[in-house]
Amino acid sequence: MASRRVPRYLERLIPVNEAIQIVASRVKPVEETIEVPVWEAIGLVLAEDVRTPHDFPPRPRAAYDGYAIRSSDTPGRLRVVGEATIGKVDVKYRVEPGTAVYVSTGAYLPEGADTVIPEEAVRREGDYIVVEKEFPAGKNFDPVGAYARKGQVLLPRGYVITMLDVAGLLDVAVTRVKVYRPISIGIIATGTELFEPVDPAEAEQRILRGEVAETTAKL
């Protein structure tokens with residue numbers, strides 16, 4: 001029985017590992033960098049460390065809806081002199097002895113306060129709150145730099161930026177980053193059975209005849 005002849009194109013094939021080595025030997029690292037808005041950097045590679053431009057939070061920040069007070073005033077009856085809400089801080093308010101300022105979660109603490117009492121832990125009586133037990137200082141708020149210190153590396157060089165990273169960077173006021181220029185990749189689809197699927201009616205007929213719509217290069 002005659003042996004089956006090996007097609008010529010198979011005689012020219014090389015092992016996969018050898019092919020990878022050949023390609024790798026001809027690839028040069030991308031050195032060109034560009035600066036882009038962080039929301040355009042998803043999937044790109046950082047060309048330098050991204051550092052926090054300031055302490056975060058930059059001021060003590062309430063972790064609960066409640067009242068900013070002086071811990072030395074507890075227990076006791078305190079007069080509510082104003083409120084500080086996230087995104088809108090009225091600097092005229094200051095927590096003096098015997099007073100309190102209502103704060104929402106995320107709001108900066110007014111001067112003079114050293115603790116926050118959750119609103120469910122007090123009894124409201126008109127313009128006053130009644131605190132029935134002692135609350136120590138330093139409770140229920142994030143101190144300066146609790147999440148990141150100024151100059152701290154948030155994302156290292158060589159890191160691939162994700163959608164979640166964009167939110168975190170914007171949160172600390174990082175709006176632009178330096179990344180490596182993205183590479184361009186070309187895909188060549190080969191095969192006599194392939195056709196360009198442009199016209200719907202023609203595409204259906206050609207597929208029914210056994211031809212294959214070219215889709216790989218469209219990815």
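The values are calculated or read from the model by the stated rules, or taken from the named source; none is laboratory data. These numbers were taken from a predicted model, which means no experiment stands behind them. Positions of Cβ are backbone-derived with ideal geometry, glycine not excepted, and every protein chain shown enters the neighbour counts.
Filter the strands (runs of 3 or more DSSP E) completely within segment 100-141 down to those with at least 1 residues that are surrounded by fewer than 18 Cβ atoms within 10 Å (Cβ to Cβ) and acidic (Asp, Glu). Quick ask: steps written out before the conclusion?
Details: elements: 115-118, 123-125, 128-131.
Here the list reads 123-125.
Quick one: would you say Ala146 is touching a residue at least 12 places away in the same chain (Cβ under 8 Å), among the hydrophobic types (A, V, I, L, M, F, W, C) and either surrounded by 13 or more Cβ atoms within 10 Å (Cβ to Cβ) or under 28 Å from Glu31 (Cβ atoms) (or both)? Explain how you work it out, then say what you get.
Values: touching a residue at least 12 places away in the same chain (Cβ under 8 Å): yes; among the hydrophobic types (A, V, I, L, M, F, W, C): yes; either surrounded by 13 or more Cβ atoms within 10 Å (Cβ to Cβ) or under 28 Å from Glu31 (Cβ atoms) (or both): yes.
In short, yes.
Is there a residue being touching a Phe, Trp or Tyr at 6+ places or on another chain (Cβ under 6 Å) and closer than 30 Å to Tyr93 by Cβ anywhere in segment 203-218? If you could, list the steps in order and put the result at the bottom.
Filtering segment 203-218 for residues touching a Phe, Trp or Tyr at 6+ places or on another chain (Cβ under 6 Å) gives 206, 211.
Those left that are additionally closer than 30 Å to Tyr93 by Cβ: none.
Among the residues of segment 203-218, not one is touching a Phe, Trp or Tyr at 6+ places or on another chain (Cβ under 6 Å) and closer than 30 Å to Tyr93 by Cβ, which makes the answer no.
Does at least one position in segment 68-89 carry a residue that is surrounded by 13 or more Cβ atoms within 10 Å (Cβ to Cβ) and in a helix (DSSP H, G or I)? Don't jump to the end; show me each part of the working.
Initial filter on segment 68-89 (surrounded by 13 or more Cβ atoms within 10 Å (Cβ to Cβ)): 68-71, 73-74, 76-78, 80-86, 89.
Pick out the ones that are also in a helix (DSSP H, G or I) and you get 71, 73.
Looking for residues that are surrounded by 13 or more Cβ atoms within 10 Å (Cβ to Cβ) and in a helix (DSSP H, G or I), one finds at least one in segment 68-89, hence yes.
Looking at Val116, Val160 in this structure, which one is touching a residue at least 40 places away in the same chain (Cβ under 8 Å), assigned by TED's automatic domain parsing to the domain that holds Tyr102 and touching a Gly at 6+ places or on another chain (Cβ under 9 Å)?
Val116
Quick one: is Tyr159 closer than 19 Å to Ala63 by Cα, among the aromatic types (Phe, Trp, Tyr) and either surrounded by 12 or more Cβ atoms within 10 Å (Cβ to Cβ) or touching a Ser or Thr at 6+ places or on another chain (Cβ under 9 Å) (or both)?
Working: closer than 19 Å to Ala63 by Cα: no; among the aromatic types (Phe, Trp, Tyr): yes; either surrounded by 12 or more Cβ atoms within 10 Å (Cβ to Cβ) or touching a Ser or Thr at 6+ places or on another chain (Cβ under 9 Å) (or both): yes.
No.
Would segment 155-170 turn up any residue that is among the aliphatic types (A, V, I, L, M) and farther than 26 Å from Glu40 by Cα? Give the steps one after another, and end with the answer.
Taking segment 155-170 first, the residues among the aliphatic types (A, V, I, L, M) are 155, 160-161, 163-164, 166-167, 169-170.
Then keep just the ones that are farther than 26 Å from Glu40 by Cα; that gives none.
Among the residues of segment 155-170, not one is among the aliphatic types (A, V, I, L, M) and farther than 26 Å from Glu40 by Cα, which makes the answer no.
What about Ser25, is it part of a helix (DSSP H, G or I) and at pLDDT 95 or above? Working first, answer last.
Numbers: part of a helix (DSSP H, G or I): yes; at pLDDT 95 or above: no.
Taking the combined requirement at face value, the residue does not satisfy it.
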